[in-house]
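In what follows, a structure is listed as structure tokens, so that the remarks can point back to it.
The values are calculated or read from the model by the stated rules, or taken from the named source; none is laboratory data. Bear in mind the structure is a predicted one, so any value in this text is a computation, not a measurement. Here the Cβ positions follow ideal geometry from the backbone for every residue, glycine too, while neighbour counts run over all protein chains shown. All accessible areas refer to the heavy atoms of the entire protein, side chains included, with ligands and DNA or RNA removed. Shrake-Rupley method; radii C 1.70, N 1.55, O 1.52, S 1.80 Å.
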Amino acid sequence: MEGSATVASKSAREEVEDVVVRFAGDSGDGVQITGGQFTLTTALAGNDLATFPDFPAEIRAPTGTTFGVSSFQIHFGSREIRTAGDQPDVLVAFNPAALTVHLKDLNKGALIIADSGAFTDRNLKKAGFTTNPLEDGSLDAYRLVSIDITKATLESVKPFGLSQKEAVRCKNMWALGLVYWLYDRDRKPTNDWLAGRFAKRPEIANSNIAAVNAGHSYGETTELSGEQSYSVLPAKIKAGLYRTVTGIEGLAYGLVQGAQSAELNMTFAGYPITPASSLLHTLSRLKAFDVVTFQAEDEIAACCVALGASYAGNLGVTASSGPGVALKMEAIGLALAVELPLIIVNVQRAGPSTGLPTKTEQSDLYQSVYGRNADSPLVVVAANSPSDCFYTAIEAVRLATKYMTPVILLADGYMANASEPWAIPDVDTLPKFPVAFRTDPDGFHPFLRDDKTLARVWAKPGTDGLEHRIGGIEKNYNSGDISYEADNHQKMTDVRKAKIDGIANDIPDQTVEIGKESGELVVVGWGSTFGPISRAVTRMRAAGKDVSHVHLRHIWPMPKNLGPLLKNYKKVLVPEMNTGQLITVLRDKFLVPAVGLNKVSGQPFKISEIEDGINGQLGQ
Amino acid sequence: MNVATRPEKLQAKDYASDQEVRWCPGCGDYAIVRAMQVTMAELQADPAKTVFISGIGCAARFPYYMATYGFHTIHGRAAAIATGTKIANPELDVWVISGDGDALSIGGNHLLHVLRRNVNLQYILFNNEIYGLTKGQYSPTSRTGTKSPSTPAGSVDNPVSPTLFALGCGARFVARGVDTNQKHLPEVFKRAQAHIGASFVEVFQNCIVYNDGVYDYFTEKDAVPDNQILCEHGKPLLYGKDKKKGLRVKPGAFEIESVTVGENGITEGDILVHDETSKMLATMLCSMQPPALPMAIGVIYCNPAPTYEDGLHAQIAEAKAAAPKPSLNALLRRGPTWTIE
């Protein structure tokens with residue numbers, strides 16, 4: 001909370017433009033649910049927002065440990081919000097471990113709300129404290145509010161007769177109620193949600209509602225021992241009907257819409273992997289939309305089932321994360337050799353190998369563009385935010401079906417789990433691209449190509465008179481039969497490349513997100529770095545810096561004006577959550593002197609980190 | 001076939017594609033493709049609705065030679081690709097063609113799951129106990145001690161029994177045939193096709209180049225009577241030149257023994273009657289090895305159960321019945337929404 005407000009009395013709320021709140025506790029403390037509820041309530045209050053759920057790979061890590069800490073950060077405001085925020089203004093710490101892990105992210109003067117009831121000797125020791133930080137003055141640089149939330153929760157839920165264990169579990173709702181008071185949020189959406197969620201166990205619903213209300217009352221009556229309370233006005237964003245959307249939801253709905261636009265049934269095959277599994281879960285509830293979901297025996301099978309479904313005339317889709325996608329690569333190679341549509345969603349995570357399964361990274365660009373044996377071109381597109389997942393998924397389906405090619409659709413763990421407000425589109429107004437299957441036997445062979453797109457005909461089994469054989473062995477250009485002939489292989493390799501390269505003529509020209517089409521510096525990004533780059537460039541331009549933002553959706557092939565566009569700038573800065581992958585492609589394709597800004601900590605970029613990068617390039 | 005009109009009655013040759021067959025002269029695969037074409041003609045199978053899907057290996061070239069739909073895929077994965085094809089269009093008659101390396105080495109996992117799920121397709125495993133296309137390495141069905149380019153001192157690992165593996169995976173149809181037995185093989189293929197659910201057929205196939213004669217001990221003309229037994233549901237398990245040899249449960253033990261009717265007081269009433277619905281019997285039949293016991297041929301196990309794709313599509317039908325006109329617009333507006341003026 002920047003700036004100093006003139007405060008008439010403590011009971012008057014101070015108006016602030018944007019706030020960052022972080023909840024942190026044990027992975028069993030219900031931190032993600034707390035964050036989800038705060039998000040919903042804040043969205044309904046009309047603020048713009050961005051979230052960052054961050055949790056350990058272990059389901060229930062040992063309690064009180066630093067590696068078991070789960071957190072949820074939300075950034076909301078009365079202006080456009082592009083990132084989950086650099087530094088929390090408020091940290092709600094449910095135990096000492098959560099305080100230890102997150103303290104380093106706090107600015108001096110930030111508000112810490114700590115559950116003193118959880119700062120027991122045992123928990124302090126587990127978190128590495130020798131003395132209690134709530135009492136030893138080490139937090140004097142912050143505004144510390146130490147409350148025994150555990151005890152207060154137990155008192156508030158006493159009438160409902162829960163067991164001690166169940167009663168303590170309500171403490172996240174008590175804390176939520178308190179933060180609702182702090183930012184003048186409406187408790188009703190959460191209380192309604194609790195009543196519905198625990199409809200079969202009213203004593204649990206009532207206890208949680210009582211805890212929300214008790215936390216809120218605590219704030220109201222004590223005014224947090226002199227702590228200021230705030231209001232955040234609704235954001236001035238585009239008019240329309242809104243909902244919140246996560247990246248997984250965006251992908252699922254976008255794939256359904258893509259299949260509908262193509263007039264195809266969808267077969268989605270996946271294998272459980274963090275953080276992509278949620279896509280399988282979400283789509284498995286959409287059967288009424290002619291979506292077949294299939295949990296395969298392994299990643300390879302998932303890709304093969306999807307390809308087998310495409311062969312039969314469905315839209316085959318598979319999804320995974322980095323290591324799982326590596327396993328699918330041979331089948332993806334087959335898909336591009338037999339030229340069948342296939343969507344491969346990669347919800348990227350930190351690697352290599354198992355890496356950090358629940359942490360984000362965008363280090364599978366090489367794998368996507370270059371990751372198969374031989375000359376194996378295909379299409380790669382990347383979403384840049386939860387809501388953009390919807391539109392990018394539709395684009396993936398359009399290109400896969402129009403060009404008879406596998407398409408790799410890149411998302412990442414950050415945008416998959418994060419949510420943001422979304423102006424709900426009217427899907428009836430979205431473009432249709434119905435597939436026309438080949439039915440005419442006259443002059444047919446399976447690798448007959450469209451002169452313009454170079455896509456082969458799609459003849460599905462079951463069609464009379466079009467019986468044919470396809471496979472991974474090289475095909476004769478003129479008949480589709482097996483061919484080992486040298487010149488033919490050259491021709492087929494060339495046509496496979498030309499087909500994918502030609503897609504550059506069928507995708508939108510690259511636009512400049514923010515700034516001008518030429519100048520001193522352009523920041524080029526892709527994927528979920530959109531938020532921090534966009535915010536950093538906006539701020540730097542406001543400060544008079546000559547910097548622009550270009551963000552790629554089409555990674556391969558690239559928009560045909562991209563090369564000339566980048567050459568209009570003196571310098572090119574490429575921030576990536578990897579050690580420099582897009583930059584390799586840009587340098588290779590356009591010979592531009594691009595400079596990388598790279599981060600692989602498993603955490604998204606902060607705005608300040610991008611700003612530092614920009615300043616470095618502009619010589620300041 | 002690429003013709004708009006077809007002859008009224010299709011002959012075996014009508015199911016042969018125009019592609020030049022590229023197996024080694026004398027390969028058992030010729031006999032199997034011939035038996036399949038005969039099977040197709042006897043079934044009057046619709047070429048447009050018939051799909052052959054294969055992995056990699058000599059056997060995997062099979063689809064190119066059938067005038068139906070065909071998909072030559074990647075090593076070991078045909079079962080998974082076929083599963084996708086079948087669930088996307090259950091009206092297709094899907095055949096998977098595989099070899100011992102393709103099915104039981106690189107593709108073992110997919111074979112396990114296609115059988116366990118009971119996807120309604122036919123899985124034909126050409127077992128020649130060798131890797132042919134890569135020039136003769138020992139395979140997962142090769143007998144211990146097999147000398148090959150990769151095992152010059154003989155292989156040291158134990159072979160897997162394809163049929164016992166299939167039974168262990170929960171296959172509901174397990175059968176065996178011999179490549180050269182052109183009268184019997186189409187009968188096995190027809191039974192496999194008629195079975196609703198995953199049908200597993202092991203075909204003993206001779207590799208003339210790298211493993212010639214590996215099955216002579218029970219497939220040579222003179223060896224057949226005493227070393228093969230044809231399993232037919234409801235009929236006594238008799239074999240031998242004059243059908244006097246038979247199988248019975250050894251008294252006082254849980255195992256099968258070979259006896260001779262008319263000797264030692266054995267009558268035909270003592271002989272086991274083949275019950276293809278008995279998994280226990282099937283397991284014992286699949287375990288038999290000449291010369292002590294004959295190699296079981298024919299439909300060893302057939303005990304249908306609901307198929308995977310029926311269950312899958314029943315759930316879709318149920319979801320569609322509950323929401324006959326699903327609207328993505330409505331779905332996107334379900335749950336909390338708010339309006340920005």
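Here are the numbers:
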quantity	calculated
Considering residues of the range B:196-240 that are assigned to a strand (DSSP E or B), under 24 Å from residue B:261 (Cβ atoms) and of a type outside the set (A, V, I, L, M) only, the residue most open to solvent (accessible area, probe 1.4 Å)	B:236
Extreme residue, nearest to residue A:261 (Cα to Cα), among residues of the range A:423-442 that are open to solvent by 80 Å² or more (accessible area, probe 1.4 Å) and more than 9 Å from chain B (Cβ to nearest Cβ)	A:432
Qualifying residue in the range A:342-349 (condition: out of contact with any Gly (no Cβ under 8 Å at 6 or more places or on another chain), at pLDDT 95 or above and farther than 29 Å from residue A:52 by Cβ)	no
Positions within the range A:591-607 being among the charged types (D, E, K, R) and open to solvent by 40 Å² or more (accessible area, probe 1.4 Å), in sequence order	A:606
Residue check for residue A:289: open to solvent by less than 20 Å² (accessible area, probe 1.4 Å) and within 11 Å of chain B (Cβ to nearest Cβ)	no
Residue under evaluation residue B:329, criteria (1) without any contact (Cβ under 8 Å) to a residue 24 or more places away in the chain; (2) within 14 Å of chain A (Cβ to nearest Cβ); (3) open to solvent by 30 Å² or more (accessible area, probe 1.4 Å), criterion not met	(3)
Unmet criterion (only one of (1) surrounded by fewer than 24 Cβ atoms within 10 Å (Cβ to Cβ); (2) facing chain B (nearest Cβ under 10 Å); (3) of a type outside the set (Asp, Glu); (4) within 15 Å of residue B:79 (Cα to Cα)) for residue A:312	(1)
Some residue of the range A:128-145 being in a helix (DSSP H, G or I) and either farther than 27 Å from residue A:230 by Cα or of a type in the set (Phe, Trp, Tyr) (or both)	no
Enumerated strands (runs of 3 or more DSSP E) restricted to the range B:241-317, each holding at least 2 residues that are open to solvent by 60 Å² or more (accessible area, probe 1.4 Å) and not hydroxyl-bearing (Ser, Thr, Tyr)	B:245-249
Near pairs, Cβ below 7 angstrom, 6+ apart or cross-chain, from the range A:452-473 (under 23 Å from residue A:376 (Cβ atoms)) to any residue that is part of a strand (DSSP E or B) and of a type in the set (D, E, K, R)	A:455/A:449; A:456/A:449
Of residues in the range B:75-86 being buried (at least 24 other Cβ atoms within 10 Å of the Cβ) and over 28 Å from residue B:13 (Cα atoms), the one farthest from the other protein chains (Cβ to nearest Cβ)	B:76
Residues (over 15 Å from residue B:20 (Cβ atoms), open to solvent by 10 Å² or more (accessible area, probe 1.4 Å) and more than 18 Å from the chain's Cα centre (by Cα)) located in the range B:46-74	B:46, B:49, B:74
Residue match in the range A:460-481 (condition: open to solvent by 10 Å² or more (accessible area, probe 1.4 Å), more than 13 Å from every other protein chain (Cβ to nearest Cβ) and under 30 Å from residue B:14 (Cβ atoms))	yes
Filtered residues of the range A:238-267 (kept if facing chain B (nearest Cβ under 8 Å) and open to solvent by 30 Å² or more (accessible area, probe 1.4 Å))	A:238, A:239, A:241, A:244, A:260, A:265
Search result, residues across the range B:87-107 that are open to solvent by 10 Å² or more (accessible area, probe 1.4 Å), in a helix (DSSP H, G or I) and touching a helix residue (DSSP H, G or I) at 6+ places or on another chain (Cβ under 9 Å)	B:88, B:104
